[in-house]
Amino acid sequence: MPIRLREMEVPDPFKMNKNQVSEYIAKFLETCRFDNVVTSTSRGDWDVTAKVNDWRIYVDAKGSRAVKHKEDVVFADTQLVKHLADQVSELMRYYQTMDESGLLFMGNPDLPRIREIAEEIDRSLDHLGIIRLWVQQDGTVQVEAPSGMAEIMKQIGL
């Protein structure tokens, strides 16, 4: 159930829909000199794909509000939990058909509510090799990667 910002005990500091998250991530990857950066809004497609060196980047993005929501409406906590679970499920489903050059990323707005949900499963995300991209209010992107992937992150310039 969506909720109005003014009804929240602690309102989100900003709001961002899935398409905005994808666009900011695409710009970030282009700035980091990734090639073939593509965004998609088609259901069933990756939200962002890119290539760097011999690596393929696959991003599943989510937002804190729907594209069609009114300006003051965001997803309730229960929806955010479901969205994060859906992200992990989608990434694992895609993993089944990826080759070894693929890297899985999840992109979200860097909001305390979403961070808290992700932190509850961060060890699992690390074990699965899922890299997190946190989009800030100003559109910059913070990268959070499993420590065991340090060499790969260096290779891809992140």
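Derivation of every value follows stated rules applied to the coordinates shown; laboratory data play no part. Model, not experiment: these values are computed from the prediction. In this analysis, Cβ positions are derived from the backbone assuming ideal geometry, glycine residues included, and neighbour counts consider all displayed protein chains.
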Using alpha-carbon coordinates, inclination of helix 18-31 to the longest axis of the chain, degrees
40
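Efficiency by 1/(1 + (r/R0)^6): what FRET value for Gln136 and Asp86, r their Cβ-Cβ distance, R0 = 25 Å, to the nearest 0.05?
Calculated transfer efficiency: 0.65.
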Relative to the chain, whose Cα atoms define the longest principal axis, helix 77-95 and its Cα axis are tilted in degrees, nearest 10, by 20
Given the rule -39500 (n - 2.57) for each run of at least 4 DSSP H residues, summed and divided by the residues of the chain, what is its mean residue ellipticity at 222 nm, to the nearest 500 deg cm²/dmol?
-10500 deg cm²/dmol
Taking Cα centroids, how far is the range 88-122 from the range 33-77 in Å?
12
Suppose we keep just the DSSP beta bridges with both residues in the range 45-134; what percent of those would be antiparallel, to 5?
35
So what is the relative contact order of the chain, in percent, for Cα pairs below 8 Å that sit 6 or more residues apart?
24
When DSSP beta bridges are limited to those with both residues in the chain, what percentage is antiparallel, rounded to the nearest 5?
55
Using Cβ counts within 10 Å as a stand-in for footprinting exposure, how do Arg65, Arg43 rank, fewest first?
Arg43, Arg65
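Arranged by the count of other C-beta atoms within 10 angstrom, fewest first, what order do Asp12, Asp47 take?
Least crowded to most crowded, the residues run Asp12, Asp47.
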Unit charges on C-beta of K, R, D, E only; dipole of the range 2-156, Debye
420
By count of other Cβ within 10 Å, fewest leading, how are Thr140, Thr39, Thr97, Thr78 ordered?
Thr97, Thr78, Thr140, Thr39
P(r) tail for the range 2-156, what percent of Cα pairs lie past 27 Å?
19
Mark the label point 7 Å from the Cα of Thr78 along Cα→Cβ and return the residues of the range 85-120 whose backbone N is within less than 20 Å of it.
85-87, 113-118
